[in-house]
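The values are calculated or read from the model by the stated rules, or taken from the named source; none is laboratory data. Treat the numbers as computed from the prediction; the structure is a model and nothing was measured. Methodologically, a virtual Cβ is constructed for each residue, glycine included, from the backbone with ideal geometry; neighbour enumeration extends over all protein chains shown.
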């Protein structure tokens with residue numbers, strides 16, 4: 001009985017980890033796209049430009065990277 | 001310990017002294033805030049400063065630019081150039097790391113998440129924060145188009 005419970009728990013962990021890894025892969029692709037966009041925006045600016053778009057994109061990248069980092073911590077620690 | 005002794009004859013002069021001190025303080029405050037009264041409700045607001053940092057202070061009567069402000073303007077322009085270079089460099093690094101991370105994560109073996117990848121994501125987060133801060137803290141050396149910024153988080 002306990003063996004079955006343990007096996008079921010392990011399967012749950014494995015499924016959660018697999019889902020998390022898929023999310024990490026998706027988020028990484030999104031990070032790359034955002035970073036490409038950010039570079040294009042920054043290349044457009046001059047020393048006198050204050051670009052809200054750059055600020056928003058950088059903020060989005062920061063938040064997304066933070067999320068990915070947290071997911072990775074869980075996955076690396078859990079696996 | 002001795003208690004302070006108050007003599008009634010001392011009250012009047014001490015009041016005079018405190019009145020004089022208050023007057024001196026008010027005078028000092030007036031000197032410390034030159035032109036404060038000129039900023040009426042219609043004047044443009046640039047955050048904490050009445051005048052944007054680095055913009056020329058021109059004597060309205062003579063139209064002469066003060067030499068100190070010219071040097072300050074040069075210094076701020078140099079700072080702005082440096083800030084821009086640093087921002088471009090940070091963005092390049094960020095893009096490189098994001099490309100590396102994406103390649104590693106979406107490789108043939110997606111089961112292997114390594115601490116090195118975790119460090120890369122942390123570096124991306126820091127670089128993005130740095131770019132955001134550098135763009136937000138743009139030092140204005142020359143007149144620029146200003147977009148309204150959202151209010152700061154408190």
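Brief remarks on what is shown
- The residues of the stretch B:86-105 that are more than 9 Å from chain A (Cβ to nearest Cβ) and under 25 Å from the mean Cα position of the chain (by Cα), listed by number, are B:86, B:89.
- When residue B:103 is tested against (1) at pLDDT below 95; (2) out of contact with any strand residue (DSSP E or B) (no Cβ under 9 Å at 6 or more places or on another chain); (3) part of a helix (DSSP H, G or I); (4) more than 30 Å from residue A:15 (Cβ to Cβ), only condition (4) is not met.
- Candidates A:47, A:33, A:9, A:22, filtered to the one that is assigned to a helix (DSSP H, G or I), at negative phi and either touching a helix residue (DSSP H, G or I) at 6+ places or on another chain (Cβ under 9 Å) or touching a residue at least 60 places away in the same chain (Cβ under 8 Å) (or both): A:33
- Total residues in the stretch A:29-51 satisfying the condition of being modelled with pLDDT of 95 or more, surrounded by 15 or more Cβ atoms within 10 Å (Cβ to Cβ) and more than 7 Å from chain B (Cβ to nearest Cβ): the figure is 3.
- Any hit, the stretch A:52-59, residues being part of a helix (DSSP H, G or I) and loosely packed, with under 12 Cβ neighbours inside 10 Å: no
- Leading residue by the ranking (surrounded by the most Cβ atoms within 10 Å (Cβ to Cβ)) among those in the stretch A:60-72 that are free of Cβ contacts under 8 Å to residues at least 40 places away in the same chain and at the interface with chain B (Cβ under 7 Å from one of its Cβ atoms): A:65
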